[in-house]
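Asks: To start, I am sharing the structure in question, which I have written as structure tokens.
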Amino acid sequence: MNEEVKMKYDGKDFLAILKSAGKPQAWVIFAHGSGSTRLSPRNQWVANELVRNGFGVMLFDLLTKEEDEIYMNRFDIDLLAHRLLEATSWFLNSKFYQREPVAYFGASTGAAAALVAAARNFETTLLFAVVSRGGRPDLAGLESLNQVFVPTLLIVGNHDTEVIRLNEIALEELPDAKLVLVPGATHLFEEPGTLGEVVRLTVDWLHQHLEEFSKKNFEEKFI
């Protein structure tokens, strides 16, 4: 499946791209970073690789074209998190969703939005993991970071010095998180092989915590 659909909330129309190959083992909802869209080549490539590894993916725009022209909107984490929650709600009530577990994949400011959304929505969705690529998790704020109880992977290029520092700050506040530095990578992971390493780390993280999530749900239901 590779389908573009229209979502409507906040009185506005948003376009989303849904991809899967057969029945997915879980869905990954992307939260794009500042100035990026569902058509971002990097996230499209990562999304296609996740589909190849058995996941379904949903990519959508957090802001309308007009909203994105106002630079500060790209850093309005409350707004971005709200939009992510609205899109998640739309998806969970759509024909595409069949009670599979869900993960968030955030980049740049989208990572902060994903963490705020995870903190606010932990008990109402089958959310099992969050992955941040070159993200700004620090922008989620102390209160939200302390309330993210799903396993969170922070991926940063080892040449992205300032973002490493900001991720280390967030790491101290997240209850269940791991920081991994990708050798030779800068902020956008444009260097050969570095985005492939992001995919490898992401797939491993999702598989590990999907298995733990499924086992926990089975035990709670039957034991």
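What follows is calculated from the coordinates using simple rules that are stated; it is not laboratory data. If you're wondering where the values come from, they're calculated on a predicted model, not measured in any experiment. Don't worry about glycine lacking a Cβ; one is built from the backbone with ideal geometry, like all the others, and counts go over all protein chains shown.
Asks: Find the eigenvalues of the gyration tensor of the Cα atoms of the stretch 98-223, then list the square roots of 5 times those eigenvalues as equivalent ellipsoid semi-axes, largest first, in whole angstrom.
Replies: Numbers: eigenvalues 131, 58, 24 Å².
Over the Cα atoms of the stretch 98-223, the ellipsoid semi-axes are 26, 17, 11 Å.
Asks: Pairs to check: K95/K215; K23/K65; K6/K216. Give those whose C-alpha atoms are more than 30 Å from each other in this structure. Show your work: numbers first, answer last.
Replies: Details: K95/K215 26 Å; K23/K65 32 Å; K6/K216 34 Å.
Beyond 30 Å between Cα atoms: K23/K65; K6/K216.
Asks: Express in nm, to one decimal, how much length is gained between L15 and N2 on full extension, taking 0.36 nm for each residue of separation and deducting their alpha carbon distance.
Replies: 3.4 nm
Asks: Counting other C-beta atoms within 10 Å, which of M7, M72, M1 has the fewest, and how do the rest follow? Working shown, then result.
Replies: On the way: M7 19, M72 7, M1 11.
Listing M7, M72, M1 from fewest to most nearby Cβ atoms yields M72, M1, M7.
Asks: Please report the net charge: other residues with Cβ closer than 14 Å to the Cβ of K6, K and R +1, D and E -1.
Replies: Summing Lys/Arg as +1 and Asp/Glu as -1 gives -2.
Asks: Grab the beta carbon distance between E172 and R52, set R0 = 41 Å, and tell me the FRET efficiency rounded to 0.05. Don't skip to the answer; put the middle values down first.
Replies: Working: r = 35 Å, r/R0 = 0.85.
For E172 and R52, the calculated efficiency is 0.75.
Asks: Roughly speaking, what is the stretch gain from I164 to L39, that is 0.36 nm per residue apart minus the C-alpha to C-alpha distance, in nm to one decimal?
Replies: Extra length from I164 to L39 when fully extended: 42.4 nm.
Asks: Sort out for me the Cα centre separation of the stretch 123-151 from the stretch 1-51, rounded to whole Å.
Replies: Cα centroid to Cα centroid, the span is 19 Å.
Asks: Where the only charges are on Cβ atoms (+1 Lys, Arg; -1 Asp, Glu), what is the dipole of the stretch 1-105 about its Cα centre, to the nearest 20 debye?
Replies: Working: 13 positive and 14 negative charges, 103 e Å.
About 500 debye.
Asks: About its Cα centre, what dipole magnitude does the stretch 97-156 give when the only charges are +1 on Lys and Arg Cβ and -1 on Asp and Glu Cβ, stated in debye to the nearest 20?
Replies: Values: 4 positive and 4 negative charges, 27 e Å.
Here the size comes out at about 120 debye.
Asks: Set Lys and Arg Cβ to +1 and Asp and Glu Cβ to -1, take the dipole of the chain about its Cα centre, and tell me which of V203, Q25, V156 lies farthest positive.
Replies: Highest projection toward the positive end goes to Q25.
Asks: Which cross-chain or sequence-distant (5 or more) residues have an amide H under 5 Å from the amide H of A185, H modelled 1.01 Å from N in plane?
Replies: Distant-sequence amide H within range of A185: N158, H159.
Asks: Filter the chain for me: DSSP H helices, axial length by Cα at least 20 angstrom, mean Kyte-Doolittle hydropathy not below -0.5. List them by residue number. If you can, show how the numbers build up before the last one.
Replies: Values: long enough: 77-92 (22 Å, 0.80); 194-222 (42 Å, -0.62).
Passing helices, by number: 77-92.
Asks: On a straight-distance basis, which aspartates and glutamates could pair with K178 in a cross-link, Cα separation under 19 angstrom, same-chain partners fewer than 8 positions away excluded?
Replies: Result set, ordered by chain and number: D138, E143, D160, E162, E168, E197, D204, E211, E212.
Asks: Now, a different point. Would you please state the base-10 log of I(q)/I(0) at q = 0.07, 0.08 1/Å for the chain, with intensities from the Debye formula using one equal scatterer on every alpha carbon?
Replies: Each listed q maps to, in turn, -0.19, -0.25.
Asks: What dipole magnitude, in Debye to the nearest 20, does the chain give about its Cα centre under +1 on Lys/Arg Cβ and -1 on Asp/Glu Cβ?
Replies: Taking the Cα centre of the chain as origin, the dipole is about 760 debye.
Asks: Another question, if that's okay. Using a Förster distance of 35 angstrom, determine the FRET efficiency expected from the C-beta separation of N73 and H207, and round it to 0.05.
Replies: Efficiency at R0 = 35 Å is approximately 0.50.
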